[in-house]
1. Find how many whole Å separate the alpha carbon centroid of the stretch 105-135 from the alpha carbon centroid of the stretch 67-90.
2. Over 21 Å between C-alpha atoms is what I'm after, so list which of Lys22/Lys194; Lys159/Lys231; Lys33/Lys194 land there.
3. Using only Cα atoms, what is the ratio of the radius of gyration of the stretch 29-92 to 2.2 N^0.38 Å?
4. Of the beta bridges DSSP finds with both residues in the chain, what % are antiparallel, to the nearest 5?
5. Once you treat every alpha carbon in the stretch 148-241 as an equal point and sum by Debye, what is log10 I(q)/I(0) at q = 0.18, 0.20 Å⁻¹?
6. Could you give the length gained by full extension between Gln204 and Thr96, i.e. 0.36 nm per residue of separation minus their alpha carbon distance, to one decimal place?
7. Compute the accessible area per residue over the chain, keeping the other protein chains in place, probe 1.4 Å, unit Å².
8. Top mean-square fluctuation among Pro186, Pro91, Pro23, Gaussian network model of the chain, C-alpha springs under 10 Å?
Amino acid sequence: MSDFRDQFYEDYLDFKPDWHGKPSPGYAAYFVKVQPLAALPRHARVLEIGFGDGQLLRWCTDRGHDVTGVEIVEALVTRARDLRIDCLPGPLTAQTLADRQFDSIVAFDVLEHMTFEEIADFFAFTKPSLAPGGFYLLRFPNGASPFGCNYQASDITHKSILSLGIMKQLAQRAGLRVDATLQPRPYPSSITGKLQRLLGYALQDFISWMLTRAYFGGQAHLEANLLVVLKVNPDATTHHE
């Protein structure tokens, strides 16, 4: 990472000065709707790359999972350790993981901060740490959607533009496959909030339906963010340089 980008990472705490590692009601509702996460059994081993404000780490901990977080911001690692959460200082390497095994490796809003080469390396050294039957859970701005531009263009530290097609290519090269694309839809607890969200989701579906049929024959993902599940492809041959 360049010194120029480092300056912006060092300023990260300006955005989260009051972080205490607690999931907000909104994020807690979102995580429950992420079916692979919600279905994990108690004491599942979860590795989160770039845990940021720690909301997913605490949510998983509260559900009885064995969690490990990785973060390049030293102050966030310290705060998470103060909450007795197992943390590894980033950047993550194969040596850092050693012989650890995980049922799920989660990276929310992380891969877009890497180049394609760095993402390929990430899969190469984390794949051996994926337990049998385990999965990657990855979220990133949808570079193939006009609605993803708001997230993609909102951070100077983004290095790559990702889409479902590009992720399939990267996964195939790593001996992985896209097992599912998810679209969690949480609802607020208030009646007014639920009604507003219901109408919002209906409008999104209508707009997507019109655009995909007008431009792509109905075959396109236009979500602003993509959330994908990757699993090991037992029939694949991993590419090496």
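1. What the calculation gives is 18 Å, centre to centre.
2. On the way: Lys22/Lys194 23 Å; Lys159/Lys231 24 Å; Lys33/Lys194 15 Å.
Pairs exceeding 21 Å: Lys22/Lys194; Lys159/Lys231.
3. Values: Rg = 11.4 Å, N = 64, 2.2 N^0.38 = 10.7 Å.
Taking N as the residue count of the stretch 29-92, the ratio is 1.07.
4. Values: 12 of 30 bridges.
Beta bridges within the chain, antiparallel portion: roughly 40 percent.
5. Debye output, listed in q order: -1.03, -1.12.
6. Values: separation 108, 0.36 × 108 = 38.88 nm, distance 4.17 nm.
Length gained, Gln204 through Thr96: 34.7 nm.
7. Working: 13260 Å² over 241 residues.
Accessible surface, normalised per residue, equals 55 Å².
8. Of Pro186, Pro91, Pro23, the Gaussian network model singles out Pro91 as fluctuating most.
The values are calculated or read from the model by the stated rules, or taken from the named source; none is laboratory data. Note that this is a predicted model, so its numbers are computed, not measured. We work out accessible area using only protein heavy atoms, side chains counted, and drop any ligands, DNA or RNA first. Shrake-Rupley method; radii C 1.70, N 1.55, O 1.52, S 1.80 Å.
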